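First the structure, in the form of C-alpha coordinates, and then the observations on it.
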(Lines give C-alpha, C1' and ligand atoms only; values in the text may rest on other atoms or scores of the structure.)
Protein backbone atom coordinates (compact mmCIF):
# COMPACT_ATOMS: atom_id res chain seq x y z
CA UNK A 1 0.00 0.00 0.00
CA UNK A 2 1.49 3.37 -1.08
CA UNK A 3 0.83 6.60 0.84
CA UNK A 4 1.20 10.25 -0.20
CA UNK A 5 3.52 12.27 2.02
CA UNK A 6 1.87 15.65 2.72
CA UNK A 7 5.20 17.38 3.33
CA UNK A 8 6.48 16.29 -0.08
CA UNK A 9 3.32 17.61 -1.69
CA UNK A 10 3.94 21.01 -0.07
CA UNK A 11 7.56 21.07 -1.30
CA UNK A 12 6.49 20.13 -4.81
CA UNK A 13 3.89 22.88 -4.71
CA UNK A 14 6.48 25.53 -3.74
CA UNK A 15 9.36 24.50 -6.04
CA UNK A 16 7.59 23.23 -9.14
CA UNK A 17 4.45 25.35 -9.05
CA UNK A 18 1.97 22.52 -9.14
CA UNK A 19 -1.46 23.86 -9.96
CA UNK A 20 -4.47 22.20 -8.47
CA UNK A 21 -7.86 22.92 -9.92
CA UNK A 22 -11.49 21.96 -9.48
CA UNK A 23 -11.30 21.52 -5.74
CA UNK A 24 -14.55 22.27 -3.95
CA UNK A 25 -15.24 22.60 -0.28
CA UNK A 26 -16.02 18.95 0.07
CA UNK A 27 -12.69 18.04 -1.50
CA UNK A 28 -10.81 20.27 0.95
CA UNK A 29 -12.37 18.38 3.81
CA UNK A 30 -11.39 15.05 2.21
CA UNK A 31 -7.79 16.19 1.58
CA UNK A 32 -7.51 17.32 5.18
CA UNK A 33 -8.90 14.06 6.53
CA UNK A 34 -6.74 12.10 4.07
CA UNK A 35 -3.63 13.89 5.31
CA UNK A 36 -4.51 13.08 8.91
CA UNK A 37 -5.04 9.44 7.96
CA UNK A 38 -1.60 9.25 6.33
CA UNK A 39 0.10 10.83 9.32
CA UNK A 40 -1.51 8.36 11.70
CA UNK A 41 -0.53 5.37 9.48
CA UNK A 42 -4.11 4.38 8.65
CA UNK A 43 -5.44 3.36 5.24
CA UNK A 44 -8.18 5.33 3.44
CA UNK A 45 -11.62 3.84 3.33
CA UNK A 46 -12.08 3.67 -0.40
CA UNK A 47 -15.86 3.87 -0.14
CA UNK A 48 -15.74 7.55 0.86
CA UNK A 49 -13.25 8.85 -1.72
CA UNK A 50 -14.94 11.13 -4.29
CA UNK A 51 -14.85 10.30 -7.96
CA UNK A 52 -13.11 13.51 -9.00
CA UNK A 53 -9.63 13.57 -10.48
CA UNK A 54 -6.51 15.43 -9.55
CA UNK A 55 -4.61 17.09 -12.39
CA UNK A 56 -0.84 17.08 -11.86
CA UNK A 57 1.47 18.61 -14.45
CA UNK A 58 5.04 19.81 -14.93
CA UNK A 59 6.70 17.45 -12.50
CA UNK A 60 10.50 17.64 -12.13
CA UNK A 61 11.83 14.04 -11.83
CA UNK A 62 15.09 15.15 -10.33
CA UNK A 63 13.28 15.73 -7.05
CA UNK A 64 10.76 12.93 -7.29
CA UNK A 65 12.42 9.76 -6.02
CA UNK A 66 9.19 7.81 -5.85
CA UNK A 67 8.98 7.34 -9.64
CA UNK A 68 5.17 7.54 -9.59
CA UNK A 69 4.60 9.81 -12.64
CA UNK A 70 5.83 9.65 -16.24
CA UNK A 71 8.20 12.46 -17.25
CA UNK A 72 6.80 15.29 -19.46
CA UNK A 73 3.35 13.68 -19.52
CA UNK A 74 0.03 14.51 -17.93
CA UNK A 75 -1.25 11.70 -15.76
CA UNK A 76 -4.65 11.46 -14.19
CA UNK A 77 -4.68 9.62 -10.90
CA UNK A 78 -6.79 9.59 -7.79
CA UNK A 79 -6.40 8.34 -4.26
CA UNK A 80 -9.16 5.90 -5.05
CA UNK A 81 -7.10 4.24 -7.82
CA UNK A 82 -4.06 4.00 -5.57
CA UNK A 83 -5.98 2.50 -2.70
CA UNK A 84 -7.91 -0.03 -4.80
CA UNK A 85 -5.08 -1.85 -6.70
CA UNK A 86 -2.92 -3.20 -3.91
CA UNK A 87 -5.65 -4.24 -1.45
CA UNK A 88 -7.20 -6.37 -4.22
CA UNK A 89 -3.97 -8.34 -4.57
CA UNK A 90 -3.77 -8.83 -0.82
CA UNK A 91 -7.38 -9.88 -0.54
CA UNK A 92 -6.94 -12.39 -3.38
CA UNK A 93 -3.88 -13.92 -1.76
CA UNK A 94 -5.61 -14.16 1.55
CA UNK A 95 -8.70 -15.70 0.01
CA UNK A 96 -6.62 -18.24 -1.89
CA UNK A 97 -4.77 -19.23 1.27
CA UNK A 98 -8.04 -19.60 3.11
CA UNK A 99 -9.46 -21.76 0.30
CA UNK A 100 -6.39 -23.97 0.34
CA UNK A 101 -6.08 -24.32 4.09
CA UNK A 102 -9.69 -25.38 4.62
CA UNK A 103 -9.71 -28.33 2.17
CA UNK A 104 -6.34 -29.45 3.56
CA UNK A 105 -7.82 -29.61 7.03
CA UNK A 106 -10.80 -31.53 5.70
CA UNK A 107 -8.58 -34.01 3.91
CA UNK A 108 -6.54 -34.63 7.03
CA UNK A 109 -9.68 -35.20 9.06
CA UNK A 110 -11.04 -37.61 6.46
CA UNK A 111 -7.81 -39.60 6.29
CA UNK A 112 -7.81 -39.96 10.08
CA UNK A 113 -11.47 -40.46 10.81
CA UNK A 114 -12.88 -42.30 7.79
CA UNK A 115 -12.63 -46.13 8.02
CA UNK A 116 -11.50 -48.45 5.18
CA UNK A 117 -14.34 -49.05 2.77
CA UNK A 118 -15.82 -52.53 2.97
CA UNK A 119 -16.37 -52.93 -0.82
CA UNK A 120 -12.56 -53.32 -1.18
CA UNK A 121 -12.74 -56.53 0.86
CA UNK A 122 -15.49 -57.82 -1.42
CA UNK A 123 -13.48 -57.07 -4.55
CA UNK A 124 -10.47 -58.94 -3.14
CA UNK A 125 -12.60 -61.97 -2.33
CA UNK A 126 -14.10 -61.94 -5.79
CA UNK A 127 -10.65 -61.76 -7.40
CA UNK A 128 -9.49 -64.69 -5.26
CA UNK A 129 -12.49 -66.75 -6.29
CA UNK A 130 -11.77 -66.00 -9.96
CA UNK A 131 -8.14 -67.02 -9.55
CA UNK A 132 -9.04 -70.26 -7.80
CA UNK A 133 -12.08 -71.26 -9.84
CA UNK A 134 -10.36 -72.36 -13.05
CA UNK A 135 -7.47 -74.34 -11.50
CA UNK A 136 -9.93 -75.90 -9.07
CA UNK A 137 -11.99 -77.31 -11.95
CA UNK A 138 -8.85 -78.82 -13.45
CA UNK A 139 -7.87 -80.33 -10.13
CA UNK A 140 -11.30 -81.88 -9.69
CA UNK A 141 -10.97 -83.58 -13.08
CA UNK A 142 -7.62 -85.06 -12.05
CA UNK A 143 -9.07 -86.27 -8.77
CA UNK A 144 -11.81 -88.15 -10.60
CA UNK A 145 -9.39 -90.03 -12.85
CA UNK A 146 -6.43 -90.63 -10.55
CA UNK A 147 -5.53 -91.64 -7.03
CA UNK A 148 -5.44 -88.66 -4.70
CA UNK A 149 -3.39 -87.35 -1.85
CA UNK A 150 -4.09 -84.34 0.33
CA UNK A 151 -2.18 -81.17 -0.43
CA UNK A 152 -2.72 -78.01 1.59
CA UNK A 153 -2.37 -74.72 -0.26
CA UNK A 154 -2.00 -71.74 2.05
CA UNK A 155 -1.61 -68.09 1.23
CA UNK A 156 -2.01 -65.66 4.08
CA UNK A 157 -1.78 -62.71 1.70
CA UNK A 158 -4.86 -63.56 -0.34
CA UNK A 159 -7.21 -61.57 1.89
CA UNK A 160 -5.52 -58.71 3.81
CA UNK A 161 -8.38 -58.55 6.27
CA UNK A 162 -9.02 -62.15 7.23
CA UNK A 163 -5.70 -63.75 6.07
CA UNK A 164 -7.73 -66.81 5.12
CA UNK A 165 -6.07 -70.13 4.24
CA UNK A 166 -7.41 -72.23 1.36
CA UNK A 167 -7.19 -76.02 1.53
CA UNK A 168 -7.84 -78.04 -1.61
CA UNK A 169 -7.61 -81.80 -2.13
CA UNK A 170 -5.49 -82.34 -5.23
CA UNK A 171 -3.63 -85.15 -6.87
CA UNK A 172 0.09 -85.25 -6.22
CA UNK A 173 1.28 -86.10 -9.72
CA UNK A 174 2.92 -89.50 -10.00
CA UNK A 175 6.06 -89.39 -12.12
CA UNK A 176 6.95 -92.75 -13.62
CA UNK A 177 10.56 -93.03 -14.74
CA UNK A 178 13.19 -95.59 -15.66
CA UNK A 179 16.69 -95.62 -14.15
CA UNK A 180 19.24 -97.00 -16.63
CA UNK A 181 22.91 -97.87 -16.07
CA UNK A 182 25.55 -98.24 -18.79
CA UNK A 183 29.00 -99.85 -19.19
CA UNK A 184 28.79 -102.39 -16.34
CA UNK A 185 28.80 -104.55 -14.51
CA UNK A 186 31.67 -103.21 -12.40
CA UNK A 187 33.01 -103.20 -8.88
CA UNK A 188 30.30 -100.79 -7.62
CA UNK A 189 27.36 -102.62 -9.21
CA UNK A 190 26.70 -104.90 -6.23
CA UNK A 191 26.48 -101.82 -3.96
CA UNK A 192 23.99 -100.33 -6.38
CA UNK A 193 21.94 -103.54 -6.36
CA UNK A 194 21.84 -103.37 -2.56
CA UNK A 195 20.43 -99.82 -2.69
CA UNK A 196 17.80 -100.78 -5.28
CA UNK A 197 16.77 -103.84 -3.31
CA UNK A 198 16.45 -101.85 -0.09
CA UNK A 199 14.05 -99.43 -1.79
CA UNK A 200 12.27 -102.13 -3.84
CA UNK A 201 13.21 -100.49 -7.14
CA UNK A 202 13.84 -102.15 -10.48
CA UNK A 203 16.27 -100.72 -13.03
CA UNK A 204 17.64 -101.48 -16.50
CA UNK A 205 21.30 -102.39 -17.06
CA UNK A 206 22.80 -101.89 -20.53
CA UNK A 207 25.77 -104.18 -20.11
CA UNK A 208 28.93 -104.63 -22.16
CA UNK A 209 29.52 -108.20 -23.31
CA UNK A 210 33.13 -108.09 -22.14
CA UNK A 211 32.12 -106.95 -18.63
CA UNK A 212 29.30 -109.49 -18.43
CA UNK A 213 31.67 -112.30 -19.30
CA UNK A 214 33.96 -111.28 -16.41
CA UNK A 215 31.12 -110.78 -13.88
CA UNK A 216 28.56 -113.53 -14.49
CA UNK A 217 27.50 -113.63 -10.83
CA UNK A 218 26.41 -109.98 -10.95
CA UNK A 219 24.36 -110.65 -14.10
CA UNK A 220 22.66 -113.57 -12.38
CA UNK A 221 21.83 -111.38 -9.38
CA UNK A 222 20.33 -108.74 -11.67
CA UNK A 223 18.02 -111.32 -13.20
CA UNK A 224 17.06 -112.89 -9.89
CA UNK A 225 16.14 -109.51 -8.35
CA UNK A 226 13.93 -108.53 -11.29
CA UNK A 227 16.10 -106.07 -13.16
CA UNK A 228 16.20 -105.80 -16.93
CA UNK A 229 19.40 -106.74 -18.77
CA UNK A 230 19.98 -105.08 -22.15
CA UNK A 231 22.68 -104.90 -24.85
CA UNK A 232 25.30 -102.12 -25.00
CA UNK A 233 27.68 -103.79 -27.48
CA UNK A 234 30.58 -106.02 -26.58
CA UNK A 235 33.38 -103.45 -26.09
CA UNK A 236 31.70 -100.05 -26.47
CA UNK A 237 32.33 -99.52 -30.16
CA UNK A 238 31.32 -96.28 -31.86
CA UNK A 239 28.76 -97.05 -34.57
CA UNK A 240 29.76 -93.88 -36.44
CA UNK A 241 33.30 -95.21 -36.88
CA UNK A 242 32.70 -98.79 -37.97
CA UNK A 243 30.95 -100.74 -40.68
CA UNK A 244 27.51 -102.24 -40.45
CA UNK A 245 29.03 -105.74 -40.57
CA UNK A 246 31.20 -105.03 -37.54
CA UNK A 247 28.22 -103.62 -35.68
CA UNK A 248 26.17 -106.79 -36.28
CA UNK A 249 29.06 -109.05 -35.23
CA UNK A 250 29.64 -107.02 -32.06
CA UNK A 251 25.99 -107.04 -31.07
CA UNK A 252 25.59 -110.76 -31.76
CA UNK A 253 28.63 -111.56 -29.65
CA UNK A 254 27.10 -109.70 -26.70
CA UNK A 255 23.79 -111.54 -27.20
CA UNK A 256 25.48 -114.90 -26.91
CA UNK A 257 27.41 -113.86 -23.82
CA UNK A 258 24.29 -112.69 -21.98
CA UNK A 259 22.30 -115.74 -23.07
CA UNK A 260 25.02 -118.03 -21.82
CA UNK A 261 24.79 -116.50 -18.35
CA UNK A 262 21.08 -115.79 -17.78
CA UNK A 263 19.51 -117.95 -20.48
CA UNK A 264 17.78 -115.09 -22.32
CA UNK A 265 18.57 -112.94 -25.34
CA UNK A 266 17.86 -109.24 -24.75
CA UNK A 267 15.78 -107.32 -27.31
CA UNK A 268 16.67 -103.82 -26.06
CA UNK A 269 19.83 -102.04 -27.22
CA UNK A 270 21.48 -98.71 -26.42
CA UNK A 271 24.14 -97.70 -28.97
CA UNK A 272 27.39 -96.63 -27.27
CA UNK A 273 27.62 -92.80 -27.01
CA UNK A 274 24.06 -92.76 -28.37
CA UNK A 275 25.54 -92.77 -31.88
CA UNK A 276 23.63 -94.52 -34.64
CA UNK A 277 22.76 -93.69 -38.25
CA UNK A 278 19.26 -94.14 -39.61
CA UNK A 279 20.44 -96.88 -41.99
CA UNK A 280 22.03 -98.72 -39.06
CA UNK A 281 18.71 -98.71 -37.19
CA UNK A 282 17.15 -100.72 -40.01
CA UNK A 283 19.64 -103.59 -39.82
CA UNK A 284 19.19 -104.16 -36.07
CA UNK A 285 16.25 -106.15 -34.73
CA UNK A 286 16.18 -104.27 -31.45
CA UNK A 287 14.16 -101.67 -29.60
CA UNK A 288 16.66 -98.81 -29.52
CA UNK A 289 16.76 -96.78 -26.31
CA UNK A 290 18.24 -93.32 -25.96
CA UNK A 291 17.74 -91.14 -22.84
CA UNK A 292 15.80 -88.16 -21.56
CA UNK A 293 17.92 -87.06 -18.61
CA UNK A 294 21.68 -87.16 -19.10
CA UNK A 295 23.02 -86.64 -15.58
CA UNK A 296 26.63 -86.25 -16.85
CA UNK A 297 27.71 -88.39 -13.93
CA UNK A 298 30.84 -89.47 -15.83
CA UNK A 299 31.84 -85.79 -16.10
CA UNK A 300 30.95 -84.41 -12.65
CA UNK A 301 32.04 -87.39 -10.55
CA UNK A 302 30.29 -85.55 -7.70
CA UNK A 303 27.57 -87.40 -5.80
CA UNK A 304 25.65 -84.26 -4.80
CA UNK A 305 25.62 -82.73 -8.28
CA UNK A 306 24.59 -86.01 -9.84
CA UNK A 307 21.85 -86.52 -7.23
CA UNK A 308 20.48 -83.05 -7.99
CA UNK A 309 20.51 -83.84 -11.72
CA UNK A 310 18.61 -87.08 -11.16
CA UNK A 311 15.95 -85.34 -9.07
CA UNK A 312 15.57 -81.99 -10.81
CA UNK A 313 15.82 -83.05 -14.44
CA UNK A 314 13.47 -86.04 -14.33
CA UNK A 315 9.76 -85.99 -15.15
CA UNK A 316 7.04 -88.45 -16.01
CA UNK A 317 8.27 -90.78 -18.75
CA UNK A 318 11.95 -89.89 -18.28
CA UNK A 319 14.73 -92.31 -19.10
CA UNK A 320 17.61 -91.42 -16.74
CA UNK A 321 21.17 -92.09 -17.90
CA UNK A 322 23.75 -93.18 -15.30
CA UNK A 323 26.87 -95.38 -15.14
CA UNK A 324 27.31 -98.02 -12.45
CA UNK A 325 31.08 -98.07 -13.01
CA UNK A 326 31.47 -94.81 -11.02
CA UNK A 327 31.36 -94.81 -7.22
CA UNK A 328 29.93 -91.25 -7.12
CA UNK A 329 27.06 -92.31 -9.39
CA UNK A 330 26.08 -95.11 -7.02
CA UNK A 331 26.29 -92.71 -4.05
CA UNK A 332 24.15 -90.19 -5.93
CA UNK A 333 21.43 -92.80 -6.47
CA UNK A 334 21.44 -93.55 -2.75
CA UNK A 335 20.87 -89.84 -2.03
CA UNK A 336 18.26 -89.28 -4.74
CA UNK A 337 15.93 -92.28 -4.38
CA UNK A 338 14.47 -91.52 -0.90
CA UNK A 339 13.82 -87.92 -1.87
CA UNK A 340 12.19 -88.90 -5.15
CA UNK A 341 9.97 -91.46 -3.50
CA UNK A 342 8.65 -88.73 -1.20
CA UNK A 343 7.98 -86.55 -4.25
CA UNK A 344 5.83 -89.22 -5.86
CA UNK A 345 8.28 -90.80 -8.29
CA UNK A 346 7.77 -94.42 -9.31
CA UNK A 347 10.56 -96.52 -10.82
CA UNK A 348 10.26 -99.11 -13.59
CA UNK A 349 12.46 -100.99 -15.99
CA UNK A 350 12.32 -99.64 -19.56
CA UNK A 351 10.23 -102.61 -20.69
CA UNK A 352 7.84 -102.23 -17.76
CA UNK A 353 7.43 -98.51 -18.36
CA UNK A 354 6.33 -99.12 -21.96
CA UNK A 355 3.78 -101.61 -20.67
CA UNK A 356 2.66 -99.24 -17.90
CA UNK A 357 2.10 -96.48 -20.44
CA UNK A 358 0.38 -98.84 -22.85
CA UNK A 359 2.76 -97.92 -25.69
CA UNK A 360 3.58 -100.18 -28.61
CA UNK A 361 7.19 -100.56 -29.74
CA UNK A 362 8.83 -101.29 -33.06
CA UNK A 363 12.26 -102.60 -33.86
CA UNK A 364 14.57 -99.98 -35.34
CA UNK A 365 12.89 -97.05 -33.55
CA UNK A 366 15.01 -94.95 -31.20
CA UNK A 367 13.07 -93.98 -28.04
CA UNK A 368 14.16 -90.93 -26.05
CA UNK A 369 11.30 -90.93 -23.56
CA UNK A 370 8.33 -93.12 -22.68
CA UNK A 371 5.08 -91.19 -22.41
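The values are calculated or read from the model by the stated rules, or taken from the named source; none is laboratory data. These figures come from a predicted structure and were not determined experimentally. A quick note on method: Cβ atoms are made from the backbone with ideal geometry, for glycine too, and the neighbour counts reach across all protein chains shown.
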Based on what the data block shows, is residue 225 out of contact with any helix residue (DSSP H, G or I) (no Cβ under 9 Å at 6 or more places or on another chain) and without any contact (Cβ under 8 Å) to a residue 40 or more places away in the chain? no
Do the conditions hold for residue 303, that is, is it over 27 Å from residue 266 (Cβ atoms) and surrounded by fewer than 20 Cβ atoms within 10 Å (Cβ to Cβ)? no
Condition met for residue 254 (assigned to a helix (DSSP H, G or I) and more than 22 Å from residue 195 (Cβ to Cβ)): yes
Could you check residue 243 against (1) over 25 Å from residue 345 (Cα atoms); (2) buried (at least 19 other Cβ atoms within 10 Å of the Cβ) and say which number it fails? (2)
Based on what the data block shows, is residue 319 modelled with pLDDT of 95 or more and either within 20 Å of residue 273 (Cα to Cα) or buried (at least 21 other Cβ atoms within 10 Å of the Cβ) (or both)? yes
Within the stretch 296-314, which residues are touching a strand residue (DSSP E or B) at 6+ places or on another chain (Cβ under 6 Å) and in a loop (DSSP other than H, G, I, E, B)? 313, 314
Per the filter on the stretch 311-320, residues touching a helix residue (DSSP H, G or I) at 6+ places or on another chain (Cβ under 8 Å) and touching a residue at least 40 places away in the same chain (Cβ under 8 Å) are 314, 317, 319, 320
Check on residue 164, farther than 16 Å from residue 344 by Cβ and either modelled with pLDDT of 50 or more or outside any loop (DSSP other than H, G, I, E, B) (or both): no
If you check 322, 359, which single one turns out to be under 39 Å from the mean Cα position of the chain (by Cα), within 16 Å of residue 201 (Cα to Cα) and not in a helix (DSSP H, G or I)? 322
Restricted to the stretch 260-279, and to residues that are over 48 Å from the mean Cα position of the chain (by Cα) and in a helix (DSSP H, G or I), which residue is surrounded by the fewest Cβ atoms within 10 Å (Cβ to Cβ)? 260
Name, by its number, the condition in (1) touching a strand residue (DSSP E or B) at 6+ places or on another chain (Cβ under 8 Å); (2) more than 24 Å from residue 349 (Cα to Cα) that does not hold for residue 293. (2)
